[in-house]
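Enquirer: A single structure is presented below for examination.
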Amino acid sequence: MSCGEGRVAKLVVEQVFERRAELIHEIDLQNPEASAVDPAEADPEGSESGLRAVTAHRLHEETEGMNRENFVVRRHRRGVERFAEFQAWSWPLDRGALEAFYEIAGLPTGYRPKEDRSQETRRFDLLSLRFHLTLLKHEPGFDRLRDQASEAALLLLDQLSIPAVAAQHDLLEAVGGNEWWVDVTVPMLERMRHRLRGLVCLIDKFRTKIRA
């Protein structure tokens, strides 16, 4: 069984785009040396530096895929050209750069992997990015996000007849419980996002639960 593709609301696409940039900014604030990691060697489930590198690579490719001749993109050409150079991502992303990056959020891009086109997948990405940022910033709201993820995991455990779900049995049990969350880290949350994002659209009940 596979997840169907649906039209993703532009608002969700923009928010995912912006939250990824904000994630890089927050990691850089805590570890300015994180930008030195090579994306080709990075493990996003192993360290914040690895997650930073992979996220920067993703945003660079999305920006590079923006057609400068498109009439919508053309109005933001300077910003697009700035962030289409990977060099722009190779040093700590400060607040000024982050604000400049927000200006190109939501612009049409030719880079859109097939596995990202499901609406539920994009919403789960957004939920997970909010997790990352809440944990990094020590902000309130983590418990609500945890409850949503735990509910998704428990609902998926009811569908172990699906091979893709069964393959994540151990992770689902952990996320659906309490102990996993006690000392949860950003790389652990990234592991959850990466391994469960393609499964959430299999849960009819949960499709209305992930709110952007």
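Enquirer: Can you work out the Karplus-derived ³J(HN,Hα) for every residue in segment 64-70? Use 6.51 cos²θ - 1.76 cosθ + 1.60 with θ = phi - 60°, whole Hz, and x for glycine or proline.
Expert: After applying 6.51 cos²θ - 1.76 cosθ + 1.60, I find 4, x, 7, 6, 4, 8, 5 Hz.
Enquirer: Determine which residues of segment 93-113 fall in the zone a paramagnetic label at E69 would reach in this model, i.e. backbone nitrogen under 20 Å from the point 7 Å along Cα→Cβ.
Expert: 107-112
Enquirer: Then there's this: Applying the Karplus parametrisation 6.51 cos²θ - 1.76 cosθ + 1.60 with θ = phi - 60° to the phi angles of segment 177-191, what ³J(HN,Hα) value in whole Hz is obtained for each residue in order, glycine and proline being reported as x?
Expert: Each residue's phi maps through the Karplus curve to give x, 10, 4, 4, 8, 4, 10, 4, 10, 4, x, 5, 5, 5, 4 Hz.
Enquirer: For segment 10-97, run through the chymotrypsin sites (Phe, Trp or Tyr not before Pro) and keep only the ones in DSSP coil with at most 15 other Cβ atoms within 10 Å of their Cβ.
Expert: In loop regions of segment 10-97 (DSSP not H, G, I, E or B), there are no sparsely surrounded chymotrypsin sites (Phe, Trp or Tyr not before Pro).
Enquirer: Here's something else I'd like to know. Over what distance in Å are the Cα centres of segment 41-75 and segment 101-171 separated?
Expert: Between the Cα centre of segment 41-75 and that of segment 101-171, the gap is 18 Å.
Enquirer: Under a 5 Å amide H to amide H cut-off, with H placed in plane at 1.01 Å, what residues pair with N67 once short-range neighbours are removed?
Expert: Residues meeting the criterion, in which the H sits 1.01 Å from N, are G110.
Enquirer: Moving on to the next point. Work out the FRET efficiency for A36 and S161 from their Cβ-Cβ distance, taking R0 = 41 Å, and round it to the nearest 0.05.
Expert: 0.35
Enquirer: Projecting each Cα onto the charge dipole of the chain (Lys/Arg +1, Asp/Glu -1 at the beta carbon, about the Cα centre), which of Q168, V72, G46 comes out farthest on the positive side?
Expert: V72
Enquirer: Next up: Over the chain, give the accessible area per residue in Å² for a 1.4 Å probe, as an integer.
Expert: That works out to 50 Å² for each residue.
Enquirer: How much length, in nm to one decimal, is gained on full extension between Q87 and E179, taken as 0.36 nm per residue of separation minus their Cα-Cα distance?
Expert: 29.1 nm
The values are calculated or read from the model by the stated rules, or taken from the named source; none is laboratory data. Everything numeric in this text was worked out from a predicted model, so none of it was measured. FYI the Cβ positions are ideal-geometry reconstructions off the backbone, even for glycines, and counts take in every protein chain you see. For accessibility, only protein heavy atoms count, side chains too; no ligands or nucleic acids. Shrake-Rupley method; radii C 1.70, N 1.55, O 1.52, S 1.80 Å.
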